[in-house]
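The values are calculated or read from the model by the stated rules, or taken from the named source; none is laboratory data. No experiment lies behind these values; they were computed from the predicted model shown. Using ideal geometry, Cβ is built from the backbone for each residue, glycine included, and neighbour counts are taken over all protein chains shown.
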Amino acid sequence: MNISRRLNQVPASPIRKLVPLADAAKKRGTHVIHLNIGDPDIETPRVMTDRLRQWQGGIPYAHSQGDAELIAALLKYYRGLGADYLKAENIQVTVGGSEALTMAMAAVADPGEEILVFEPFFPSYHSLAVVQGLKVVPVTTSIADGFHLPKLEQFEALVTPKTRAILLTNPNNPTGTVYRREEVDGLVELVRRKGLFLLADEVYREIVFDGQPSTSLLSYLKVEPDRLVILDSLSKRYSAPGLRLGMMVSLNQDLMAGGLRIAMARLSAGYIDQKAAAGLSQVSQADLAAVRDEHQRRRDVVFAGLKSIKGVTIHQPEGAFYCVVGLPVAEAERFCAWLLSDFSYHGATVMLAPMAGFYLTPGLGKQEVRWAYVVGETKLKQAIEIIGKALATYPESRY
Ligand SMILES: Cc1ncc(COP(=O)(O)O)c(C=O)c1O
């Protein structure tokens, strides 16, 4: 029996596809340091875990739009960032940022239509678009420019009558790039001029380093209310990816009403998850800044350590908790698999995500990996040492 053509086009995630090799390594007794997935070992705020532990109520469906207590907490959070114009009707609670992405794509484009995305990009974008019969059109950014946006005139030509939206990830996964205000200004101007939507995935909003400002679409929603949509998540901000909660935020009333109809069809996000998450009303910007500082310390360890390994190239991340690392190997995916199947140093190895799956343009990213610095300094130093030894041992190394 044939499955659909669309389903056949959905690739396996480069972040997760080597999991069977990691499981086999663990069965052999090798300790695997997981730097493949964006799940930092930072503690979830106690107010949330306490709420979970102490939950005494039932487990009903929640409202399709989201639990009122959580929406009130989210409004408080967004207003704390200056978005005092937001109302409950501008927030749709979703099952992770992932569902916010699916919902926004469905809300802005019909099958056969296109969404421009800057590559390399979070691989789910392509998979979620394919499932809906949409096409992601990549706009390639380059490590030489710190993965910042190309000049508008360089990619405007990619806007066709089928283009419906531009999707920006700010701060970026996998590059760690934080886009400057001029870049966001340019995109807002472009979507206005071309009649498009701008979707901003801001799940890493607070994780911006070196005192740089972060440019959220929250400060643009009022000036372009119909075209702008924010995709958000509690996973990274509160180290709570298992709660599976995110948000779609927009002032476009038709889009929000449509999103709610989709939400009604999937009934609700988890009720207890939302009750636990509502504790975020007690998490301050100062608490989030402390988490950001920890990510920045980790970034510094990784950048200094990897830079000193022969043949390795690395671009200094400006935010989030990932970096793109160029390796002196022909096929980074083969190297990542070899690390898990054939290598260990003092009983441990490292799991990384090969970057080719973060690009749509064939041939790009083959010699790169994404390094998620999601463990503490000691473990990161151990991982850096392991990679140094591995590259010196790997039969296909190209020093
Ligand atoms: C850029 C980006 N957007 C969205 C997500 C989705 O996260 P979640 O569904 O856990 O909210 C991720 C997860 O890694 C991400 O990196």
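Odds and ends about this structure:
This table checks each residue for (1) within 13 Å of the ligand (Cβ to nearest atom); (2) modelled with pLDDT under 95; (3) surrounded by fewer than 19 Cβ atoms within 10 Å (Cβ to Cβ).
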{"site": "101", "(1), (2), (3)": "yes, no, no"}
{"site": "104", "(1), (2), (3)": "yes, no, no"}
{"site": "110", "(1), (2), (3)": "no, no, yes"}
{"site": "115", "(1), (2), (3)": "no, no, no"}
{"site": "118", "(1), (2), (3)": "yes, no, no"}
{"site": "125", "(1), (2), (3)": "yes, no, no"}
{"site": "129", "(1), (2), (3)": "no, no, no"}
{"site": "141", "(1), (2), (3)": "no, no, no"}
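Quick grid of which residues meet (1) touching a residue at least 24 places away in the same chain (Cβ under 8 Å); (2) surrounded by fewer than 19 Cβ atoms within 10 Å (Cβ to Cβ):
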residue	(1), (2)
271	yes, yes
281	yes, yes
338	yes, no
345	yes, yes
362	no, yes
371	yes, no
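- When residue 289 is tested against (1) more than 27 Å from residue 202 (Cβ to Cβ); (2) part of a helix (DSSP H, G or I); (3) not charged (D, E, K, R), just one condition goes unmet, and that condition is (1).
- Taking the listed residues 261, 266, the one that is within 16 Å of the ligand (Cβ to nearest atom), surrounded by fewer than 17 Cβ atoms within 10 Å (Cβ to Cβ) and over 19 Å from the mean Cα position of the chain (by Cα) is 266, with no other qualifying.
- Residue 326 within 30 Å of residue 10 (Cβ to Cβ) and surrounded by fewer than 22 Cβ atoms within 10 Å (Cβ to Cβ): yes
- Once segment 373-383 is narrowed to residues that are touching a helix residue (DSSP H, G or I) at 6+ places or on another chain (Cβ under 7 Å) and surrounded by fewer than 20 Cβ atoms within 10 Å (Cβ to Cβ), the residue that is nearest to residue 291 (Cα to Cα) is 377.
- Residue 309 vs. criteria surrounded by 15 or more Cβ atoms within 10 Å (Cβ to Cβ), outside the structural domain of residue 89 (by TED's automatic domain parsing) and either away from the ligand (no atom under 16 Å from the Cβ) or at pLDDT below 95 (or both): yes
- Residue ID - surrounded by the fewest Cβ atoms within 10 Å (Cβ to Cβ), chosen from residues in segment 154-177 that are more than 16 Å from the ligand (Cβ to nearest atom) and part of a loop (DSSP other than H, G, I, E, B): 161
- Residue 209, sole failed condition from (1) aromatic (Phe, Trp, Tyr); (2) closer than 22 Å to residue 140 by Cβ; (3) away from the ligand (no atom under 13 Å from the Cβ): (2)
- Positions within segment 127-150 being touching a residue at least 24 places away in the same chain (Cβ under 8 Å) and closer than 20 Å to residue 176 by Cβ, in sequence order: 138, 140, 141, 143, 146, 147, 148, 149
- Filter pass, residue 246 being in contact with a strand residue (DSSP E or B) (Cβ under 9 Å, 6 or more places away or on another chain), more than 28 Å from residue 182 (Cα to Cα) and crowded, with 22+ Cβ neighbours inside 10 Å: no
- Within segment 218-251, tally of residues that are in contact (Cβ under 8 Å) with a residue 24 or more places away in the chain and within 14 Å of the ligand (Cβ to nearest atom): 20
- Applying the set (1) of a type in the set (Ser, Thr, Tyr); (2) in the same structural domain as residue 375 (by TED's automatic domain parsing); (3) within 24 Å of the chain's Cα centre (by Cα) to residue 345 leaves exactly one unmet item: (3).
- Extreme residue, nearest to the ligand (Cβ to nearest atom), among residues of segment 313-336 that are of a type in the set (A, V, I, L, M) and under 24 Å from the mean Cα position of the chain (by Cα): 320
- A count restricted to segment 198-251 and to residues that are hydroxyl-bearing (Ser, Thr, Tyr) and assigned to a strand (DSSP E or B) stands at 2.
- In segment 291-307, the residues that are small (Gly, Ala, Ser) and without any contact (Cβ under 8 Å) to a residue 40 or more places away in the chain: 304
- Single residue of 222, 236 found to be closer than 28 Å to residue 355 by Cα and basic (Lys, Arg): 236
- Flag if residue 277 is in a loop (DSSP other than H, G, I, E, B), in contact (Cβ under 8 Å) with a residue 24 or more places away in the chain and either more than 22 Å from residue 145 (Cα to Cα) or assigned by TED's automatic domain parsing to the domain that holds residue 89 (or both): no
- Residue in segment 26-57 that is surrounded by the most Cβ atoms within 10 Å (Cβ to Cβ), counting only those that are away from the ligand (no atom under 16 Å from the Cβ) and within 20 Å of residue 387 (Cβ to Cβ): 32
- Of the residues making up segment 252-269, those that are of a type outside the set (Asp, Glu) and free of Cβ contacts under 8 Å to residues at least 40 places away in the same chain number 4.
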